[in-house]
Amino acid sequence: MSVTQDSAGDTVMRSVSMLCAVVVCGAVIGGVFYLASQLIYIPLVFPVLTALLGMLALQSLSAMFKPRQRRFVLLCGLLMGLSIYASLQTGIYLHLRQLLVQRVMALAAGQNRTLTYSQADAYLEGVLIQQTGQSGFLGVLVLRARSGIGITLYSTQLGGMPIQTNLQGILAYGYWLAELGLILFVCSRPKAVSRAMPRAPKNLCPVCHSKLTRESLGSVPEVKAEQFLTLLNTHDFRAAGRFIVSHDLGEVRYPRLDTELEHCTKCGQGPSTLRVFWERDQKTPVDLRTQAAEYVIAPDDKTPLLKALVGAQSNIG
Ligand SMILES: [Zn+2]
């Protein structure tokens, strides 16, 4: 019981750590996105590229934190997109705010008044509330929408304002929403989420989450192969086991069926997988050594199978 409780607490810890890592990664990518946008900005293309970068980062994070649920990875993808866009908009806001404060200081200097940076900043805050009814980030956002934003290539390095101002008011808000929507769309596509899922959980025991062990059980001579496969297909694993000759008893001649059991050796309560391969001799091209079949064996059937193996008495006792 304590094992499952520990692993549940572990899962929560890993999930919280991953969410935090996603937000931090998104913020860093958004910051880089902002710096790049200072030089050149290509509408629609830039947000998509950034979102793709975010999903690449999510793949690395998934490999690190190994989330099990697809829904959780989807949530992480959306959070990554939100974090990227919030970071970009924060960069733009801080930059514009700095420019506006400098403008206030320059205006004051023109009237022979000296304002410190924080005095000018406080004055600007007052103007924002007076003009837009909002302070800080939202105030600047309303101001930007009112003055219009450019959707063609622009560089804020040239005078600090977009060269073209085509979208004003509701159109500006619509454009921002479309950009955010595009990023969230790229981050939540089923294919992107599948790619970001870690591959490891397939090899973990569903009961105790230990790593599964793969081991060879032995081989079945070609003459017995058909009978052996028939027994496996009827799920008579005890009878089938009697056909498997342990490698300890010497080589079985090619062609033969090789068997491999993937199972949990820790708790023994999860289902096991028995894989059966045709093995020809070393000279046979690899593509002819094909997999014949795969069987899921219930925990109750595993012990009879292992006890029935030829030579099992000497191995298991
Ligand atoms: Zn187990």
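The values are calculated or read from the model by the stated rules, or taken from the named source; none is laboratory data. Here the structure is a predicted model, which means the values were calculated and not measured. All Cβ positions, glycine included, derive from the backbone under ideal geometry; neighbour counts span all protein chains shown.
Observations, loosely collected:
- Only listed residue being in contact with a helix residue (DSSP H, G or I) (Cβ under 6 Å, 6 or more places away or on another chain) and either under 30 Å from LEU177 (Cα atoms) or at pLDDT 90 or above (or both), chosen from LEU78, LEU99: LEU78
- Residue check for PRO198: part of a loop (DSSP other than H, G, I, E, B), surrounded by fewer than 19 Cβ atoms within 10 Å (Cβ to Cβ), in contact (Cβ under 8 Å) with a residue 60 or more places away in the chain and away from the ligand (no atom under 16 Å from the Cβ): yes
- Residue that is modelled with the highest pLDDT [pool: residues in the stretch 247-276 that are among the small types (Gly, Ala, Ser) and within 16 Å of the ligand (Cβ to nearest atom)]: SER272
- Matching residues in the stretch 225-267 - criterion: being among the charged types (D, E, K, R) and in a loop (DSSP other than H, G, I, E, B): ASP236, ARG242, GLU251, ARG253, LYS266
- Reported count of residues in the stretch 24-68, each being charged (D, E, K, R) and on the phi > 0 side of the Ramachandran plot, is 1.
- Check on VAL193, under 24 Å from VAL276 (Cα atoms), in contact with a helix residue (DSSP H, G or I) (Cβ under 9 Å, 6 or more places away or on another chain) and surrounded by 13 or more Cβ atoms within 10 Å (Cβ to Cβ): no
- Test: residue in the stretch 214-224 that is in a helix (DSSP H, G or I), exposed (fewer than 15 other Cβ atoms within 10 Å of the Cβ) and either away from the ligand (no atom under 16 Å from the Cβ) or of a type in the set (Val, Ile, Thr) (or both): yes
- Candidate set: the stretch 171-183, residues that are at pLDDT 85 or above and either over 16 Å from ILE84 (Cα atoms) or among the hydroxyl-bearing types (Ser, Thr, Tyr) (or both); chosen: the one surrounded by the fewest Cβ atoms within 10 Å (Cβ to Cβ): GLY174
- A single entry from SER216, SER188 fulfils the requirement of being under 30 Å from GLY9 (Cβ atoms) and at pLDDT 85 or above: SER188.
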